[in-house]
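A.B. asks: My structure is below; once you've seen it, I'll send some questions.
What follows draws every value from the coordinates through simple rules; no lab data is involved. Computed from a predicted model, the values in this text were never measured in an experiment. All Cβ positions, glycine included, derive from the backbone under ideal geometry; neighbour counts span all protein chains shown.
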Amino acid sequence: MQKHELRDHLRKALFIPSMKARTKEQALEELLDLFVAEKYVKNKQLVLEMLKQRELLGSTSLGKGVAVPHGRTTATADVIIAFGRSEKGVDFDASDKNPVTLFFMVIAPHNDEGNIYLPILGTLVIILKDAKKRHALNKVETFEELVALIDGE
Amino acid sequence: MGNSELEQLISLQDLDLMIEESEEVEKLGFSITGVSQLKIAREELAAKISKPLLYRYERLRKKLKRAIVPVKNDICLGCFLHQPTSIGAQGREGVDLFTCENCGRMLYWLD
């Protein structure tokens, strides 16, 4: 997957430049609320439960202050990415113990067109391994800045 | 068939896929440490579902991979057959369980 293809799955309405969450559960819920408000998922509790179960499998934090909470659910039809930035950071059970300031939440159906879910996760991991990108992402204020950064501009 | 049982089936299917896909997700760079814990959670959830329904779910999963599929704009997202409008209203309430006449999967209305 090319980086620019990620933009097709980002939504302006699913962008939070300054998250309120202070805990892991609050962070999951704050991001998920965007999907619910935009009707990308019908049943919040079902998807929240799935995201919590996913965290049981292992924290979706990648360390260095980033996390990619993700999962497939029957309760959606689209592969969508939400972005959130937390200035104070959230304890997300990261292996390096660093608070998470950058969140990309990816929610996908079980059978996504073109099987793009796993490539999307892989591409996000690659982007977030780049220290310069992380530094820049920690400063984004607008959705347009986010898209430009993801595109590699 | 109550609404909660349909939701339990959906949670079960989400868990099953999560477990199946865990190795692929790990290869991408995520830390996967809790597969056995998740398998226990899966069995606990399965125990709450009535045996005939669970059997039906397992049989459909084996045959078609996905036992429950979303319906959007009255289209079954398993086989893309248009569902009769007459069942849409009841299906949206999520009280009764409907199956796609074409592919046989259980249906979950998204809209």
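A.B. asks: Loop only per DSSP, at most 16 neighbouring Cβ atoms within 10 Å: give me the chymotrypsin sites (Phe, Trp or Tyr not before Pro) in segment B:1-92, ordered by residue number.
C.D. replies: Of the chymotrypsin sites (Phe, Trp or Tyr not before Pro), the ones in loops of segment B:1-92 whose Cβ has at most 16 other Cβ atoms within 10 Å are B:Phe80.
A.B. asks: Considering every residue in A:58-68, what mean count of other chain Cβ atoms within 10 Å of its Cβ is obtained?
C.D. replies: 3
A.B. asks: Averaging over every viewing direction, what projected area does the convex hull of the Cα atoms of segment A:64-116 cover, in nm²?
C.D. replies: Seen from a random direction, the Cα hull of segment A:64-116 projects 4.2 nm² on average.
A.B. asks: Could you let me know the centre-to-centre spacing of segment B:55-99 and segment A:57-119, using Cα atoms, in angstrom?
C.D. replies: 28
A.B. asks: Contact order normalised by length for chain A, with contacts defined as Cα pairs under 8 Å and 6 or more residues apart; what percent is it?
C.D. replies: Worked out over chain A, it gives 28 percent.
A.B. asks: Which of the trypsin sites (Lys or Arg not before Pro) across segment B:19-111 are loop residues per DSSP, with 16 or fewer other Cβ within 10 Å?
C.D. replies: In loop regions of segment B:19-111 (DSSP not H, G, I, E or B), the sparsely surrounded trypsin sites (Lys or Arg not before Pro) are B:Lys65.
A.B. asks: Still on this structure: Considering every residue in A:45-53, what mean count of other chain Cβ atoms within 10 Å of its Cβ is obtained?
C.D. replies: Per residue, the number of nearby Cβ atoms from other chains is 4 on average.
A.B. asks: Considering only DSSP states other than H, G, I, E and B, which trypsin sites (Lys or Arg not before Pro) in segment A:23-113 qualify as loop sites with at most 11 other Cβ atoms within 10 Å?
C.D. replies: Passing sites in segment A:23-113 are A:Lys39, A:Lys97.
A.B. asks: Helix B:51-64: angle to the longest alpha-carbon principal axis of chain B, degrees 0 to 90, nearest 10?
C.D. replies: 80
A.B. asks: If you don't mind, another one. What is segment A:3-151 by shape, rounded, prolate or oblate, if you read a ≥ b ≥ c off the alpha carbon gyration tensor as root eigenvalues and call it rounded for a/c under 1.5, prolate for a/b larger than b/c, and oblate otherwise?
C.D. replies: Verdict is rounded for segment A:3-151.
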